[in-house]
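Asker: The structure is given below, and queries will be raised subsequently.
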Amino acid sequence: MLSPDRFFDPEPTHKTAALEIYEAIKALPILSPHGHVDPAIFSNPNYHFSNPYQLLVQSDHYILRMLFSHGVPYEQLLSDTDPEGNWQTFCEHFYLFRATPSGLWLDYTLQEVFGFEPPLNSHTAAQAYAFITDKLAQPAFSARSLFKQFNIEVLATTDPAYDKLSHHQAIIESGWQGRIIPTFRADSLVKITDPHWLGQLSALSAASKVDIIDYNSFIRALEKQREFFKSLGAVACDLSFPKTSAFTLPDSTVEAIFQKALASSANTANQEQFAAHMMMTFARMSSEDGLVMMMHNDVYRNYDSALFTRFGPDLGFDIPRQVEYTRNLLPLLNAFGKHPKFNLVLFCLDESAYTRELAPLAGAYPAVKLGAPWWYQDSWQGMQRYLNAVIEIAGVYNTSGFVDDTRNLVSIPARHDLWRRAATNWLAGLKVRGMISQVEAIEIATALAYNLAKQVYKL
Amino acid sequence: MLSPDRFFDPEPTHKTAALEIYEAIKALPILSPHGHVDPAIFSNPNYHFSNPYQLLVQSDHYILRMLFSHGVPYEQLLSDTDPEGNWQTFCEHFYLFRATPSGLWLDYTLQEVFGFEPPLNSHTAAQAYAFITDKLAQPAFSARSLFKQFNIEVLATTDPAYDKLSHHQAIIESGWQGRIIPTFRADSLVKITDPHWLGQLSALSAASKVDIIDYNSFIRALEKQREFFKSLGAVACDLSFPKTSAFTLPDSTVEAIFQKALASSANTANQEQFAAHMMMTFARMSSEDGLVMMMHNDVYRNYDSALFTRFGPDLGFDIPRQVEYTRNLLPLLNAFGKHPKFNLVLFCLDESAYTRELAPLAGAYPAVKLGAPWWYQDSWQGMQRYLNAVIEIAGVYNTSGFVDDTRNLVSIPARHDLWRRAATNWLAGLKVRGMISQVEAIEIATALAYNLAKQVYKL
Amino acid sequence: MLSPDRFFDPEPTHKTAALEIYEAIKALPILSPHGHVDPAIFSNPNYHFSNPYQLLVQSDHYILRMLFSHGVPYEQLLSDTDPEGNWQTFCEHFYLFRATPSGLWLDYTLQEVFGFEPPLNSHTAAQAYAFITDKLAQPAFSARSLFKQFNIEVLATTDPAYDKLSHHQAIIESGWQGRIIPTFRADSLVKITDPHWLGQLSALSAASKVDIIDYNSFIRALEKQREFFKSLGAVACDLSFPKTSAFTLPDSTVEAIFQKALASSANTANQEQFAAHMMMTFARMSSEDGLVMMMHNDVYRNYDSALFTRFGPDLGFDIPRQVEYTRNLLPLLNAFGKHPKFNLVLFCLDESAYTRELAPLAGAYPAVKLGAPWWYQDSWQGMQRYLNAVIEIAGVYNTSGFVDDTRNLVSIPARHDLWRRAATNWLAGLKVRGMISQVEAIEIATALAYNLAKQVYKL
């Protein structure tokens, strides 16, 4: 069984303070304002996960990349022909995840969600596979049952701007009370040199019932779809651009670029200009319709072209790059940073920007909130670095709580628990140093675990 | 009452070591070689601060920006019509400063300087206002009395290069023994495209009695003013340039640029070249006249142009940017870095440069000293990161102690106490790990709290 | 005597765990896969070091730069005329090394290697000099005796690509069992604008017996020398380029550049292109011959030109710069990153890249391993930052253990002990927080101290 005081500093006064803070927040409902769980698992009232390998390994690119880095080929990892054999391979390599968040999450999920206690290794692999498979078939392990059992108050999915959201509609129509909300993901529509762009544009046109013949009709289609997403509960727009540049183009320039794109003759320079212009435009839209603008740029996607060509995206081969915010975001923040209806949540994988750019901006602009430490950073040390770096400059109340960003429903409690324990332990450290009182520590822990996400994402 | 062991690690051997180190340094006089306190409050022997809001809130852009980030408009924050009402607003928002240095400093100032014990919130606001207002009127709370009570040995102000330093002269002539020294701030005279540049040049001409008609007379005027500042006790020249580039232009080029500037026709490229040339020139001057060169570049000033236009500078909207030192400073360090009379103190808001560039340079060049962690970094964690990063590479004795950088006289003890406690706790950590002896810890603590500033700034 | 629990956290459960982990690894043999010890000290069976100053101070540019930064001139530091006087000067300045790794290493070396217990200062300087000098003359202090006593399993030297490796050959021929292996250092042969390049090319030609008349013969010569190095035990190729760019040039372009270089008419742009091409080429060679590719770029070498002109390289004036890996290494990693025979060990002095670029790359590409924290970072805090930053993302098993990188044989045990204690203390912290078991902690400690270096460097 997992120890109730796990992760907390061993010094007795510190641990005592931490246990008391954690006790106050551990049962708070889970808000999950950003993630990649498939809504289809909820529209089917009796959806059950098929097997442990697919659920716990195959859907998790953190795990896939680590196994690949030690020689397990994607051909095997992505194959569906022998999930039990693949599970065995995974368990043989489970030592690779020592001291990583993936390892900690899996420990939690196995023990707290499934009740499987032995350590995972080559000897226990078959036993674990049978044990979890059996559980997955039980009524208490349907997706809807787990959602309730996990005490999830809101779960946001991530959906293309042109999505018809049929699963979200089906969930609402089913009368089930689980709050599964879509998120408007629009960045693929900005990649005007991408061979799939025209197809996505057609999908947007079909979904919005707007005939997209120029930039203005493109914008109208996006705005209509944002309203449609909002009507099904969406609170946010999610953007990930290759660069962080934002500026407004003259009408004639943007129209000319758009026409080149329609003619499949836009070049890279066009695309970069268009993306910068669209970043401004999405900020303008958010200021008007109130969808929170989540932004996380400067990741080199599908870094290995051979793997991408063969196996597609989301293999773990998305590699961060340096980000410059101060100059790049100046036009956007000057124009919209003080707008009362605008919330811009900045996620970052370049930690050197925490104290240099992000926390100073979030500590000044009413619209800017710091996103949670996530992706490569949603780890114990990553969270400590985040809290140490940003809170002193931006304050607790210019941050935005936690997002789990997971594709895997059963990992949600583990990820929120890690964040709650990280925040708790950090706050206990301030308390035992006399920097805050225990009452303040509990109030801040509640904010970090629940209230901030509720406020910032308008849940 | 503030706990005597506050901020120290709770582990008993660590805390015991820390208490002993702190005991040895807590009563050392305060050296404040860089700050923004107005010298006028000392030239008037009976100066008293007008009210708590103006003293503790309005003068502090850390606090203003945080209140603004949560929706309090600058119209209200900067208004003088209702200081008590504004104080109430501030107290209602005081929770925003939890776990920030502003919060810790205010706790100290309220309790240790004013003797006000209750926590600050909406309920205690009026009581606090009345209590502090009453204190401020007492003889012991005149600016001069506070200066003595705070045990300040030297307080440096920051003054434009063209300043006539009338307050500094009046203080000396008054026979009062408080050592209030000016600092030569010259960077505005380098901004040759700024609409105020010609006016500042006239002021420099008037102050120096040099008719500035060309680059050479400009330099003569600066040198005369540096001598004038020195005659009133100045030890340093303070520079903040938009970029960190340093190189020498040919005489004819610099003269041509200067003439364009006089004709108000200099462009941005001219200004950047001129700034790089002047950085070299200021280093040359410091090597000759011995004024310490303090440098802190790469901050985007007055980031929000609408706020700047309406409310002016120093609102908290100065946002750091990435800095490159290694290549940029090469010409300057090759020319002056080994000069025995030259001290260059580098302040930095881009912490990624600590171990990568700054500490390696300070650990090699005799002239280079690392500035204190300040501004966005003068916090508990900021200080720990600084000490952890730079000391192992540059050594204790290539750093330069602490600067409080404050506009607010009554915050000085709080800020120095935070630094002394941060250094103490860090050193106690080394001591209990057997890395240094307790005797060494106390010697280093004394250096960090007092001796290094005394030596580096030639106080 | 040094305390057995030194450096460990004082909290009792933490310290107990650390002592147990350390006990399990402290006696493991030393693997030193990268360093700069002169092989000549082993080819002579009776080599003894001449004096304490030369051995402990003059060979160590960490120490030289720190003394220079406090005014001791290189004229004195590099002089051989009065080693005892220089030692006295060093001891007078030994306080500069408080809280630095140099200080900790020297403490260890003096006490554990030489048995000299008093603290080093101006009063003990003469006593220490006599004591160590006496020891150095004893049979147990010959280079070969120390090598055995230190339990060094493998010691890699660093040798120019054109080296004839006469000392390595002599060592093997002598029948002595100490495993001293060469490392193929090739970057000087890429600096085609360097005035020494043609001379080095001649040396390469002579060593390889290949007449280098064009690019292809240049490559043949390099490949022959790599085979020669391998025949004497080499396992790695060591590269340090001014920039981190990698791309392949067309054959005709690279030949044209090579011919310009032969004619001494290559320019900087040519050199940068050639370096990028050679980085690809060295990766290709390593994929074929299996020599591990160690890479550490973006250091500005011989930063102070006056010092370099007068005193030569390796004075401590090599200053790091920002590094960009994600884009720069894309061609190399796309081409070779998945090659089963290729090991690329990336060393880094820009710590901001740890979580942003390096750990994500090492956690995905089978060929990429993270190099040890070294040079400016091989310190207690540097090691903690490294472990905190990279392990959670890349995992333990995509790192590569430790390299001591020293020129000084007697410093080797001290440096490995610091690493072992740093890793131990870090792992004990995970153990007492319930993140890993004590068994796992010991297995990971063993990997970090020994197994990983053995595997990654194929020792």
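Asker: Given the residues B:401, B:371, which is the only one that is on the phi > 0 side of the Ramachandran plot and under 15 Å from the mean Cα position of the chain (by Cα)? Give the steps one after another, and end with the answer.
Answerer: Numbers: B:371 fails: on the phi > 0 side of the Ramachandran plot.
After ruling out the rest, the residue left standing is B:401.
Asker: Filter the helices (runs of 4 or more DSSP H) completely within the range A:389-458 down to those with at least 2 residues that are away from chain B (no Cβ under 14 Å). Walk me through it before giving the result.
Answerer: Working: elements: A:412-432, A:438-446, A:452-456.
Those helices (runs of 4 or more DSSP H) span A:412-432, A:452-456.
Asker: Would you please name the residue that is farthest from the other protein chains (Cβ to nearest Cβ), looking only at residues in the range A:54-69 that are farther than 17 Å from residue A:376 by Cβ and in contact (Cβ under 8 Å) with a residue 60 or more places away in the chain?
Answerer: So the residue we want is A:55.
Asker: Would you be able to say whether some residue in the range B:93-101 is surrounded by fewer than 21 Cβ atoms within 10 Å (Cβ to Cβ) and in contact with a Pro (Cβ under 6 Å, 6 or more places away or on another chain)?
Answerer: So far as the range B:93-101 goes, no, none of its residues is surrounded by fewer than 21 Cβ atoms within 10 Å (Cβ to Cβ) and in contact with a Pro (Cβ under 6 Å, 6 or more places away or on another chain).
Asker: Then there's this: I need the full set of residues from the range C:6-41 which are surrounded by 21 or more Cβ atoms within 10 Å (Cβ to Cβ) and under 18 Å from the mean Cα position of the chain (by Cα), in order please.
Answerer: If the condition is that a residue be surrounded by 21 or more Cβ atoms within 10 Å (Cβ to Cβ) and under 18 Å from the mean Cα position of the chain (by Cα), then C:30, C:31, C:32, C:33, C:34, C:37, C:39 are the ones that fit.
Asker: Further question: Please enumerate the residues belonging to the range B:315-361 that are in a strand (DSSP E or B) and away from every other protein chain (no Cβ under 11 Å).
Answerer: Our first condition is that a residue be in a strand (DSSP E or B); within the range B:315-361, this holds for B:319-320, B:344-346.
Matches in the range B:315-361: B:344, B:345, B:346.
Asker: Grab the helices (runs of 4 or more DSSP H) fully contained in the range B:195-310, keeping just those with 1 or more residues being under 20 Å from residue B:348 (Cα atoms) and touching a residue at least 40 places away in the same chain (Cβ under 8 Å). Walk me through how you get there before you give the answer.
Answerer: Values: elements: B:197-208, B:215-231, B:251-262, B:268-289.
By residue number, B:268-289.
Asker: Follow-up. Could you check, for the range C:296-314, whether at least one of its residues is aliphatic (A, V, I, L, M), within 14 Å of another protein chain (Cβ to nearest Cβ) and within 19 Å of the chain's Cα centre (by Cα)? Steps first, please.
Answerer: Start the filter on the range C:296-314 by keeping residues that are aliphatic (A, V, I, L, M), which leaves C:299, C:306-307.
Okay, now just the ones that are also within 14 Å of another protein chain (Cβ to nearest Cβ), so C:299, C:306-307.
Imposing the further condition that a residue be within 19 Å of the chain's Cα centre (by Cα) reduces the set to C:299.
Yes - at least one qualifying residue is present in the range C:296-314.
Asker: Could we say that residue C:186 is of a type in the set (A, V, I, L, M), closer than 30 Å to residue C:270 by Cβ and modelled with pLDDT under 95 here? Steps first, please.
Answerer: Numbers: of a type in the set (A, V, I, L, M): yes; closer than 30 Å to residue C:270 by Cβ: yes; modelled with pLDDT under 95: yes.
When the stated conditions are applied, residue C:186 passes them.
Asker: For residues that are assigned to a helix (DSSP H, G or I) and buried (at least 24 other Cβ atoms within 10 Å of the Cβ), tally how many sit in the range C:362-375. Even if it seems obvious, please write down each step before you answer.
Answerer: Taking the range C:362-375 and keeping what is assigned to a helix (DSSP H, G or I), we get C:362, C:375.
Then drop every residue that is not buried (at least 24 other Cβ atoms within 10 Å of the Cβ), which leaves C:362.
Residues meeting the conditions: 1.
Matching residues to (1) crowded, with 22+ Cβ neighbours inside 10 Å; (2) of a type in the set (D, E, K, R); (3) not assigned by TED's automatic domain parsing to the domain that holds residue B:311:
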site: B:63; (1), (2), (3): yes, no, yes
site: B:66; (1), (2), (3): yes, no, yes
site: B:72; (1), (2), (3): no, no, yes
site: B:85; (1), (2), (3): no, no, yes
site: B:90; (1), (2), (3): yes, no, yes
site: B:107; (1), (2), (3): no, yes, yes
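Asker: Any chance the range A:328-338 includes a residue that's within 21 Å of the chain's Cα centre (by Cα) and hydrophobic (A, V, I, L, M, F, W, C)?
Answerer: no
Asker: Filter the range B:318-341 down to the residues that are over 16 Å from residue C:306 (Cα atoms) and among the aromatic types (Phe, Trp, Tyr) and list them by number.
Answerer: Within the range B:318-341, B:325 is the sole residue that qualifies.
Asker: While we're on this one: Only one of C:428, C:445, C:422, C:394 is more than 20 Å from the chain's Cα centre (by Cα), of a type outside the set (S, T, N, Q), under 28 Å from residue C:37 (Cβ atoms) and crowded, with 22+ Cβ neighbours inside 10 Å. Can you tell me which? Spell out how you get there, then give the answer.
Answerer: On the way: C:428 fails: under 28 Å from residue C:37 (Cβ atoms); C:422 fails: more than 20 Å from the chain's Cα centre (by Cα); C:394 fails: under 28 Å from residue C:37 (Cβ atoms).
Only one candidate qualifies: C:445.
Asker: Same structure, new question: Test residue C:55 against the criterion of being within 20 Å of the chain's Cα centre (by Cα) and either in a helix (DSSP H, G or I) or over 28 Å from residue C:5 (Cα atoms) (or both), and give yes or no. Break it down stepwise before answering.
Answerer: Details: within 20 Å of the chain's Cα centre (by Cα): yes; either in a helix (DSSP H, G or I) or over 28 Å from residue C:5 (Cα atoms) (or both): yes.
When the stated conditions are applied, residue C:55 passes them.
Asker: So in the range B:264-284, with the set limited to residues that are within 15 Å of residue B:189 (Cα to Cα) and aliphatic (A, V, I, L, M), which one is nearest to the chain's Cα centre (by Cα)?
Answerer: For the range B:264-284, the residue satisfying everything is B:279.
Asker: Find the residue count for the range B:45-98, including only residues that are over 22 Å from residue A:394 (Cα atoms) and aliphatic (A, V, I, L, M).
Answerer: 1
Asker: All but one of (1) away from chain C (no Cβ under 13 Å); (2) surrounded by 24 or more Cβ atoms within 10 Å (Cβ to Cβ); (3) not in a loop (DSSP other than H, G, I, E, B) hold for residue B:381; state the number of the condition that does not hold.
Answerer: Evaluating residue B:381 over (1) away from chain C (no Cβ under 13 Å); (2) surrounded by 24 or more Cβ atoms within 10 Å (Cβ to Cβ); (3) not in a loop (DSSP other than H, G, I, E, B) leaves (2) as the failure.
The values are calculated or read from the model by the stated rules, or taken from the named source; none is laboratory data. Not measured: the values here are computed from a predicted model. All Cβ positions, even for glycine, are placed from backbone atoms using ideal geometry, and neighbour counts span all protein chains on display.
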